[in-house]
């Protein structure tokens with residue numbers, strides 16, 4: 001059998017045939033599938049233009065999308081981008097804090113522990129009654145403005161976030177207004193209990209605001 005590599009004419013025909021085949025492959029398959037370019041219409045007929053992910057304006061469906069961002073224009077070359085989308089990112093001037101607080105509550109006792117927070121600051125929290133044998137505690141998670149800000153709100157204004165009875169709760173909280181936000185606990189057990197409160201987030205400070213035993217006030221801090 002004759003070796004085609006030694007016959008220039010046969011070699012030329014094979015190379016030409018290969019070039020034609022490659023061109024057809026490029027025209028009918030690669031361009032429609034990869035780039036959405038379909039000069040012959042064959043790609044559309046075979047349904048492979050969908051692989052390119054490119055759709056003509058006439059074929060695009062309008063689902064009423066309206067993407068808007070409540071941010072101002074900013075310098076893409078800046079070292080720090082100070083503008084952010086409200087509700088998705090809330091930049092803070094200081095690192096977040098993490099603490100675990102043990103709250104002792106006497107038999108027939110009540111305690112209120114609050115965190116002083118600015119508006120839009122966030123806390124992650126978990127609390128649990130360490131030695132519960134029954135109902136645990138009655139709890140009320142709420143907030144109110146400071147005495148300095150109180151004139152800007154209705155008289156006696158407070159906002160409740162959650163309440164109930166149980167031995168623990170975990171959640172994330174974002175302050176809707178600046179002020180004092182935190183927990184009121186009433187001991188429902190027989191005998192003294194301990195509550196372990198773990199928090200991580202942004203706050204200025206925290207303190208025990210109120211303590212009473214059998215209705216007798218022991219501690220009450222002005223706010």
Query raised in the report: Which residue pairs have Cβ atoms closer than 6 Å, lie 6 or more positions apart in sequence or on different chains, and pair a first residue in the range 207-223 that is in the same structural domain as residue 146 (by TED's automatic domain parsing) and within 18 Å of residue 139 (Cβ to Cβ) with a second residue that is assigned to a strand (DSSP E or B) and modelled with pLDDT of 95 or more?
Result: 208/113; 209/112; 209/114; 210/112; 211/111; 212/110; 213/109
Query raised in the report: Just checking, how many residues over the range 145-176 are within 24 Å of residue 90 (Cα to Cα), out of contact with any helix residue (DSSP H, G or I) (no Cβ under 8 Å at 6 or more places or on another chain) and crowded, with 18+ Cβ neighbours inside 10 Å?
Result: 2
Query raised in the report: Consider residue 207 against the criteria (1) surrounded by fewer than 16 Cβ atoms within 10 Å (Cβ to Cβ); (2) not in a strand (DSSP E or B): it satisfies all of them except one. Which criterion is unmet?
Result: (2)
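The values are calculated or read from the model by the stated rules, or taken from the named source; none is laboratory data. All values derive from a computational prediction rather than experimental measurement. Don't worry about glycine lacking a Cβ; one is built from the backbone with ideal geometry, like all the others, and counts go over all protein chains shown.
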